[in-house]
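The values are calculated or read from the model by the stated rules, or taken from the named source; none is laboratory data. As the structure is a computational prediction, the values presented were derived from the model and not from experiment. Note that each Cβ is placed from the backbone with ideal geometry, even for glycine, and that neighbours are counted across all protein chains shown.
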Amino acid sequence: MSELPQRKEQIVQFHATLILRTVQACQHPELRAQLEPALDQSVENGWTQLVSALRRILDGSRDVALLRGLDDEDGAIVEAVLNGLRDPNTLPRPETEGDASVAAAGLAGLIHAAGTGDVQALQMISGMAEQMSAAGGPMSQLAALVRPLVNGERDPDRLFDGRVLEADTRDLVVSIIDELGRLDAH
């Protein structure tokens, strides 16, 4: 995946589970029933165009025209599914941990932009937070902190107050706050 631009690579890695499950359901149609609840939840969270494209792929379409009209994030996901069906070596590996500093910088950039009124960034970070919340576990813990960060909270003690966070999640949030501090200073 190193040939992908960094942002696209981050999107693909972030959505690795959805991409892999979609490819698996294409290859083993009996798995589609297990995928449908996640797709239904994604529709409820506003990911209608993405789910429509994924369902067309599940129904057998492999046309790159499916990418037309999709935003960057949805397009990266659909492209990764199509590429993965053609060449499984292009699929993201779910066990691959993203570089925390890259993730922190990317999330901080979106949070900063959303906090300064960028509507597209707000929509993107909101959608990501909904997906993280639906994923549960550490992702859900991080999702719960997105809104206060967008609203300008930068004090980790206030953010963590009363929350039990896994160490990796806590470290990621501290890295996001550090990066936000740099962005807020400019």
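Taking helices (runs of 4 or more DSSP H) that fall entirely within the range 34-124, which contain at least 3 residues that are among the β-branched types (Val, Ile, Thr)? Walk me through how you get there before you give the answer.
On the way: elements: 48-58, 72-86, 100-115.
Where helices (runs of 4 or more DSSP H) fall fully within the range 34-124 and carry at least 3 residues being among the β-branched types (Val, Ile, Thr), they are 48-58, 72-86.
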Scan the range 40-51 and report the pairs whose first residue is touching a residue at least 60 places away in the same chain (Cβ under 8 Å) and surrounded by fewer than 16 Cβ atoms within 10 Å (Cβ to Cβ) and whose second residue is assigned to a helix (DSSP H, G or I) and not hydroxyl-bearing (Ser, Thr, Tyr), with Cβ atoms within less than 8 Å and a gap of 6+ or a chain change.
Gln41/Ala134; Gly46/Gly127; Gly46/Glu130
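Among residues belonging to the range 81-140 that are in contact with a Gly (Cβ under 7 Å, 6 or more places away or on another chain) and within 25 Å of Leu180 (Cβ to Cβ), point out the one that is modelled with the highest pLDDT.
Applying the first criterion (in contact with a Gly (Cβ under 7 Å, 6 or more places away or on another chain)) to the range 81-140 yields 90-91, 115, 127.
Narrowing further to those that are within 25 Å of Leu180 (Cβ to Cβ): 115, 127.
On the way: Gly115: 92, Gly127: 79.
Only one residue tops the list, namely Gly115.
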What tally of residues in the range 49-76 results from selecting those that are polar (S, T, N, Q) and within 21 Å of Gln10 (Cα to Cα)?
1
The range 128-176, residues that are under 12 Å from Leu107 (Cα atoms), in contact (Cβ under 8 Å) with a residue 60 or more places away in the chain and of a type outside the set (Gly, Ala, Ser)
Met128, Leu172, Ile176
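Output the residue which, of all residues in the range 149-186 that are of a type in the set (Gly, Ala, Ser) and part of a helix (DSSP H, G or I), is surrounded by the fewest Cβ atoms within 10 Å (Cβ to Cβ).
We begin by selecting, within the range 149-186, every residue of a type in the set (Gly, Ala, Ser); these are 152, 162, 167, 175, 181, 185.
Next, only the ones that are part of a helix (DSSP H, G or I) stay: 167, 175, 181, 185.
Working: Ala167: 8, Ser175: 17, Gly181: 11, Ala185: 6.
Among them, the one singled out is Ala185.
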Subset of the range 18-29 that is assigned to a helix (DSSP H, G or I) and without any contact (Cβ under 8 Å) to a residue 60 or more places away in the chain - its residue that is surrounded by the most Cβ atoms within 10 Å (Cβ to Cβ):
Thr22
Arg32 meets each of (1) over 20 Å from the mean Cα position of the chain (by Cα); (2) surrounded by fewer than 16 Cβ atoms within 10 Å (Cβ to Cβ) with one exception, condition (2)
